[in-house]
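The values are calculated or read from the model by the stated rules, or taken from the named source; none is laboratory data. Source: prediction; values computed, not measured. When we count neighbours, we look across all protein chains shown, and the Cβ atoms used for this are built from the backbone with ideal geometry, even at glycine.
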Amino acid sequence: MPSIAIIQARMGSSRLPGKVLRPILGKPMLMHIVERVRAAYGVDRVVVATSDRLVDEKIRSTCRQHDIDCFSGDEHDVLDRFYKAANQYDGDPVIRITADCPLADPGVISELIKTYHGGHYDHVGVATGAGALFLDGGRFPDGYDAECIRFDALHKAWTEATASSDREHVTPYIWRQPELFCLGLMKSQTDYSSLRLTVDNEEDFRLIESIYSALYDPKRPFVLDEVVAWLHENPKLLQINQHLIGQEGYAALWQPTAA
């Protein structure tokens, strides 16, 4: 079966509404993400999974204009939406990407898929975000999130998960339970936990715009090493969103709320 990368995207955002289609260098942020994910070795198909609400017709329209596969499903039960998208497009394994990660790195994703195929894993995650909350070093920057999931494990989560936070965030039911699933974690040789390169606030977006303005090349995707080198040369830019690090609410995902 083909490896399917599913990018979760919707227009609703309490802090930065419509962020997924905000232009970066004249192109919607979501389109940049699709291009970068398509460049990853081992990704056979890219699908955008959005909600079935009218407000997200803008995403569906953008996908049609750019010949991108798009699936619409439940806005809040994202696990249901993600599972049904994977099922419709016969994906196994399924690579999960979120549309607040405009620096999704093809090299990191390629290595993630390679790691998954190198073992007998149900789930392998890039060491960042909630799944790596208690990791001492070896974290990738926030915003380089990616997960590779066996379809059977996704089906089990879809069938059994009842907590609202597990349904909203798709994979915590899997990565919280090493006794039920074979789990892997892809660590970074250098710890980048001090870097916030996701987009959840206006400050985040300003930093990402600066990075794209400096490094974007339409002929090839820039990669993590280039981003890190440029930020070392421009350290003041990191102050834009440093105050947001640690406020992501990751700890709550280890204590799921009831449905």
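Note on the range 1-31: among residues that are modelled with pLDDT of 95 or more, in contact with a Leu (Cβ under 9 Å, 6 or more places away or on another chain) and not in a helix (DSSP H, G or I), the one that is nearest to LEU112 (Cα to Cα) is ILE7.
Table: residues versus (1) buried (at least 23 other Cβ atoms within 10 Å of the Cβ); (2) within 27 Å of ARG22 (Cβ to Cβ); (3) free of Cβ contacts under 8 Å to residues at least 40 places away in the same chain; (4) of a type in the set (A, V, I, L, M, F, W, C).
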position	(1), (2), (3), (4)
ALA130	no, yes, no, yes
LEU135	no, no, no, yes
GLU160	no, no, yes, no
LEU180	no, no, yes, yes
ASP191	no, no, no, no
THR198	yes, yes, no, no
SER210	no, yes, yes, no
SER213	no, yes, no, no
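Restricting the range 216-259 to residues that are part of a loop (DSSP other than H, G, I, E, B) and of a type in the set (Ser, Thr, Tyr), the residue that is modelled with the lowest pLDDT is THR257. Can you spot a residue in the range 34-43 that is more than 22 Å from VAL199 (Cα to Cα), without any contact (Cβ under 8 Å) to a residue 40 or more places away in the chain and either surrounded by 22 or more Cβ atoms within 10 Å (Cβ to Cβ) or touching a helix residue (DSSP H, G or I) at 6+ places or on another chain (Cβ under 9 Å) (or both)? No, there is no match, as no residue in the range 34-43 is more than 22 Å from VAL199 (Cα to Cα), without any contact (Cβ under 8 Å) to a residue 40 or more places away in the chain and either surrounded by 22 or more Cβ atoms within 10 Å (Cβ to Cβ) or touching a helix residue (DSSP H, G or I) at 6+ places or on another chain (Cβ under 9 Å) (or both). Every condition in (1) closer than 25 Å to ARG206 by Cα; (2) surrounded by 16 or more Cβ atoms within 10 Å (Cβ to Cβ) is met by VAL55 except one, and the failing one is (2).
Kindly evaluate THR128 against the criterion of being in contact with a Cys (Cβ under 8 Å, 6 or more places away or on another chain) and more than 18 Å from ALA9 (Cα to Cα). Considered against the rule, which asks whether it is in contact with a Cys (Cβ under 8 Å, 6 or more places away or on another chain) and more than 18 Å from ALA9 (Cα to Cα), THR128 comes out as no.
Only residues that are more than 16 Å from GLY107 (Cβ to Cβ) and assigned to a helix (DSSP H, G or I): list them for the range 33-60, please. The answer is VAL34, LEU54, VAL55, ASP56, GLU57, LYS58, ILE59, ARG60. Filtered by the rule that a residue be in contact with a Ser or Thr (Cβ under 6 Å, 6 or more places away or on another chain) and among the acidic types (Asp, Glu), the range 8-59 gives ASP44, ASP52, ASP56. Candidates THR128, THR171: the one that is closer than 26 Å to TYR192 by Cα and modelled with pLDDT of 95 or more is THR171.
If the condition is being polar (S, T, N, Q) and touching a residue at least 24 places away in the same chain (Cβ under 8 Å), then the range 88-113 contributes THR98, SER110.
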